[in-house]
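First up is the structure itself, then whatever we jot down about it.
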Amino acid sequence: RTRNIRGMVIVGLMQRNRLPSHLAELWDEFPAIVTGVRTRDPALSFACSDHHALALAAFEKAISLGYRRPALVLDGVIDALIEGRFTAGFLTGQSRLLPQRQRTRPFHEVAAARKDITLFSRWLEQTKPDVIFTLYHEVDRWLSDLGKCVPDDIGLIQYEWRPIHGGWAGMDQCNDLVGEAALDMLISMIHHNERGVPEHPRATLIGSHWVDGTTIRRPTSGSPTPV
């Protein structure tokens, strides 16, 4: 049933970065590239967005817009899936650009908050952010339910901006370019007759770019330039 397959691009990993063991024979028979995340078992070559650079660039942009208490709302499962790179970029931004008293604790209990918004409400009251980085458009609804106005009270910055929600400000991960890079890697493997789990997996990271939107306030005069 696989005689016409030349190679595989593996997509759709949303819960774990380990591939099903019952498919292991495929890695030995065909060239394979993973897109979106880095896999651990097996560790295959991959193409994905540069999550750490994206989070750091978004943080620097928020500071340049005059925000002083940025915070992160990110599901812990997704954070683990990408090996903490969003959180690492966020924390790097804090350590470089903010004094200790203005640094905030990320909120990772997104799944639980979908069932009990008081978890998010308590974190919001304790943290008092002026802008939130997130992957979830529902955060806008949560803030509205809690009587907060976006962007007047709190700004929102999307880590994965998409045209369908074009009013948001955020980072465009350029997923079309990630897909193109994955195909380029796969074609190269086919040409070089490479298959199996590589001893040294290759990585292609695609940069993101900022997209302006109505979920953030306009820059304040005299806002400092990030270092």
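The values are calculated or read from the model by the stated rules, or taken from the named source; none is laboratory data. Since the model is a prediction, treat every value here as computed from it, not as a measurement. In this analysis, Cβ positions are derived from the backbone assuming ideal geometry, glycine residues included, and neighbour counts consider all displayed protein chains. These accessible areas exclude ligands, DNA and RNA; they are computed on the full protein's heavy atoms, side chains included. Shrake-Rupley method; radii C 1.70, N 1.55, O 1.52, S 1.80 Å.
For the reader, a short list of remarks on this structure follows.
- Of all residues in the range 165-188, exactly one satisfies the criterion of being in contact with a Phe, Trp or Tyr (Cβ under 9 Å, 6 or more places away or on another chain) and farther than 30 Å from residue 133 by Cα, namely 185.
- Matching residues, the range 74-123, being farther than 20 Å from residue 49 by Cβ, open to solvent by less than 20 Å² (accessible area, probe 1.4 Å), hydrophobic (A, V, I, L, M, F, W, C) and in contact (Cβ under 8 Å) with a residue 24 or more places away in the chain: 98, 107, 113, 120
- Within the range 28-70, the set of residues being polar (S, T, N, Q) and out of contact with any Lys or Arg (no Cβ under 8 Å at 6 or more places or on another chain) comprises 35, 49, 64.
- Yes/no for residue 62 being closer than 21 Å to residue 211 by Cβ and of a type outside the set (S, T, N, Q): yes
- Hits in the range 24-62 (condition: hydrophobic (A, V, I, L, M, F, W, C), under 30 Å from residue 102 (Cβ atoms) and either open to solvent by less than 10 Å² (accessible area, probe 1.4 Å) or not in a helix (DSSP H, G or I) (or both)): 54, 55, 58, 59, 62
- Residue in the range 157-175 that is outside any loop (DSSP other than H, G, I, E, B), at pLDDT 95 or above and closer than 30 Å to residue 31 by Cα present: yes
- Residues of the range 91-131 satisfying the condition of being closer than 22 Å to residue 173 by Cα, out of contact with any Phe, Trp or Tyr (no Cβ under 6 Å at 6 or more places or on another chain) and among the hydrophobic types (A, V, I, L, M, F, W, C): 91, 110
- Which listed residue is among the β-branched types (Val, Ile, Thr), under 25 Å from residue 211 (Cβ atoms) and under 17 Å from the mean Cα position of the chain (by Cα), from 131, 150: 131
- Taking the listed residues 208, 144, the one that is small (Gly, Ala, Ser) and surrounded by 15 or more Cβ atoms within 10 Å (Cβ to Cβ) is 208, with no other qualifying.
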